[in-house]
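The values are calculated or read from the model by the stated rules, or taken from the named source; none is laboratory data. Here the structure is a predicted model, which is why all the values come from computation and not from measurement. Positions of Cβ are backbone-derived with ideal geometry, glycine not excepted, and every protein chain shown enters the neighbour counts.
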Amino acid sequence: MPLLCLIAGVLCLGYFVMLLLYSGFTSTFYLIWPLMSAAFFILGFSFKFRFWQMVPAVIRMGSLILFCIGLIFFLYVESMILKASVQMPADPQDYVIILGAHVRSSGPSKALALRLDKALEYSEDHPDTIFIVSGGQGSNEPCTESSVMKQYLIRHGMDAVRIIEEDQSTNTRENLLFSQKWIPEGSSVGIISNDFHICRALHLAETLGYEDASGIPAKSDLPTQPANLLREFFAVVKDFWIIR
């Protein structure tokens, strides 16, 4: 057990370093990885020097039961996320909302570029679909996400008349809420985001009154996928069960 904890701690710490080298410190959530690393090291230390055995048996048993319940719940939520990440609408959508993500002075982030590439792919197969690029300007962004998204799509061949720009939103809920005004009642709506994000996006759409919205999952940036899936667990728990 001490060896397993040591390996887990090293892996978490190594992944944190990889995230910093690959994408920079773009999210404070990345700090969970060194925190988990420290927790594994402390746990391994307690096993090695038998501190855990000094804890009363009833507390050890209770802790084990809580751990198992937590693990089952974590796997259940992750299965919801993964199930939504592979769905596609059966029919062409009248409107498709492309959810914004971080932009830099050089252009869209890798995650956003993958969403936009999916929109370009979808537009080729469905020439009548109208696309809403949704995203305002964050404090660490040089311009609105929507403007960068629109420029990217036009530069890669999409006709500008097919693009509606929503430039006020600052999060996923606002993306969907502010995009609603552009969508006529009764229209079918697809939502493009990275695959790990589709589950929560569809839930938010349902709470905002979208009728039968469909997810159109884009690929995810593979090196950051473990961090995204872990972060999305907490986001789904918050949106589904804590904030109603």
**OP:** Name the single residue, out of those in region 33-91 being modelled with pLDDT under 90, of a type in the set (D, E, K, R) and surrounded by 11 or more Cβ atoms within 10 Å (Cβ to Cβ), that is nearest to residue 233 (Cα to Cα).
**Re:** 60
Original post:
Can you name the residue in region 117-141 that is touching a strand residue (DSSP E or B) at 6+ places or on another chain (Cβ under 7 Å) and assigned to a loop (DSSP other than H, G, I, E, B) and is also farthest from residue 103 (Cα to Cα) among such residues?
Top reply: 129
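Of the residues in region 204-235, how many are among the hydrophobic types (A, V, I, L, M, F, W, C) and over 27 Å from residue 91 (Cα atoms)?
From region 204-235, those among the hydrophobic types (A, V, I, L, M, F, W, C) are 204-205, 208, 213, 216, 218, 222, 227, 229-230, 233-235; that's our starting set.
The next check asks that each one be over 27 Å from residue 91 (Cα atoms); those that pass are 222, 227, 229-230, 233-235.
Adding up the residues that qualify gives 7.
Taking region 196-244 as the search range and keeping residues that are among the hydroxyl-bearing types (Ser, Thr, Tyr) and within 12 Å of the chain's Cα centre (by Cα), which one is surrounded by the fewest Cβ atoms within 10 Å (Cβ to Cβ)? I'd like the intermediate steps shown before the answer.
Looking only at region 196-244, we keep the residues that are among the hydroxyl-bearing types (Ser, Thr, Tyr), and these are 207, 210, 214, 220, 224.
In the following step, the residues that additionally are within 12 Å of the chain's Cα centre (by Cα) were identified as 220, 224.
Details: 220: 20, 224: 22.
Within region 196-244, the match that is surrounded by the fewest Cβ atoms within 10 Å (Cβ to Cβ) is 220.
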**OP:** State which residue pairs qualify: first residue within 15 Å of residue 108 (Cα to Cα) and inside region 122-143, second residue of a type in the set (S, T, N, Q) and surrounded by fewer than 10 Cβ atoms within 10 Å (Cβ to Cβ) in any location, beta carbons under 8 Å apart, and separation of 6 or more residues or different chains.
**Re:** 142/105
Subject >> Candidate set: region 215-232, residues that are over 20 Å from residue 13 (Cβ atoms) and in contact with a strand residue (DSSP E or B) (Cβ under 9 Å, 6 or more places away or on another chain); chosen: the one modelled with the lowest pLDDT >> reply: 221
